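Remarks on the structure that follows.
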Amino acid sequence: MDIIFYHPTFDTQWWIEALRKAIPQARVRAWKSGDNDSADYALVWHPPVEMLAGRDLKAVFALGAGVDSILSKLQAHPEMLKPSVPLFRLEDTGMGEQMQEYAVSQVLHWFRRFDDYRIQQNSSHWQPLPEYHREDFTIGILGAGVLGSKVAQSLQTWRFPLRCWSRTRKSWPGVQSFAGREELSAFLSQCRVLINLLPNTPETVGIINQQLIEKLPDGAYLLNLARGVHVVEDDLLAALDSGKVKGAMLDVFNREPLPPGKSALATS
């Protein structure tokens, strides 16, 4: 069994050694440009077209929760992967716990108004602020997949009102479920914090736009833990300027690193 590995930023040698230890019967090698030798499996992240094109692979494993980078390249280069080759993604592998920590820490940051107190600190102004009430601090999770369920579980510990939205209705204990486009407005209407964990599909690109934001309560917060393409950044900046959105934490952007003209996104 031959396995080829490619990741643009990971410690390749560490992965090669770990794979050889875990699968001693396999011949594992790091792929480099010009390597056209046969392989059975490919473990990849953002692979070049050249790496996969023309290969008789048994499967491709994407080293992440999404396969959109491969699918987008396939649209432009259909020869990149034969239709018969199955494409797998990672379902969790520790990412669920990371998302839980990320979501809880940011929600508590906003709930305890640390963002407002930081503004006061920067201006040497010290004034107690009214506390938010937990029962009024509803958290909505946009996208109810594996990671969404993990995040909901962690936030339940803090007794926040929770709701989720997805294409199909969920039966999560203690979480109000909304499904389909016809229920999206009702879902958004009470979300003091909107956490985006949607997959990247043609239907979800640009979903967090002016029309969606207008359906949130005034002064809502946005936490984007999914993909940069989900957010229309100019619409979000306008909502931040108007106060419709009080604060936003974006894990990703449409373009990275941020161009100089979008520097406001780094501080808003």
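Read the figures in this text as sums done on the coordinates, not as results from a lab. Bear in mind that the values here come from a model prediction, so they are computed numbers and not experimental data. We place every Cβ from the backbone using ideal geometry, glycine too, and count neighbours over all the protein chains shown.
Tabulated values for the structure
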| item | result |
| --- | --- |
| Value of Rg/Rh across segment 95-266 [Cα atoms, Kirkwood radius] | 0.95 |
| Nitroxide proxy distance, nm - points 7 Å out along Cα→Cβ at I119 and R255 | 2.9 |
| Amide H contacts of D2 (H built 1.01 Å from N, under 5 Å, at least 5 apart or other chain) | R27, D40, Y41 |
| Whole-Hz ³J(HN,Hα) from phi, Karplus 6.51 cos²θ - 1.76 cosθ + 1.60, for segment 213-221, glycine and proline x | 4, 4, 8, 7, x, 4, x, 6, 10 |
| Solvent-free Debye scattering, log10 I(q)/I(0), computed from the Cα coordinates of segment 41-87 at q = 0.14, 0.18, 0.30 Å⁻¹ | -0.26, -0.44, -1.37 |
| Acute angle (nearest 10 degrees) that the helix 95-111 long axis makes with the longest principal axis of the chain, alpha-carbon atoms | 20 |
| Formal net charge of residues neighbouring I208 (Cβ-Cβ distance under 14 Å; K, R +1; D, E -1) | -3 |
| Amide proton proximity set for A248, modelled H, under 5 Å, gap of 5+ | L222 |
| Extension reserve of the Q153-V104 stretch, reckoned as 0.36 nm per residue once the Cα distance is removed | 16.6 nm |
| Spacing of the two label points (7 Å from each Cα toward its C-beta) at H77 and A59, in nm | 2.4 |
| For segment 175-202 and segment 124-167, distance of Cα centres in Å | 13 |
| Computed [θ] at 222 nm, deg cm²/dmol, the chain (DSSP H ≥ 4; -39,500 (n - 2.57); rounded to nearest 500) | -8500 deg cm²/dmol |
| Residue-count net charge about S242 - beta-carbon cut-off 14 Å; Lys, Arg +1, Asp, Glu -1 | -3 |
| Charge context of I16, other residues only, Cβ under 15 angstrom, K/R +1, D/E -1 | +1 |
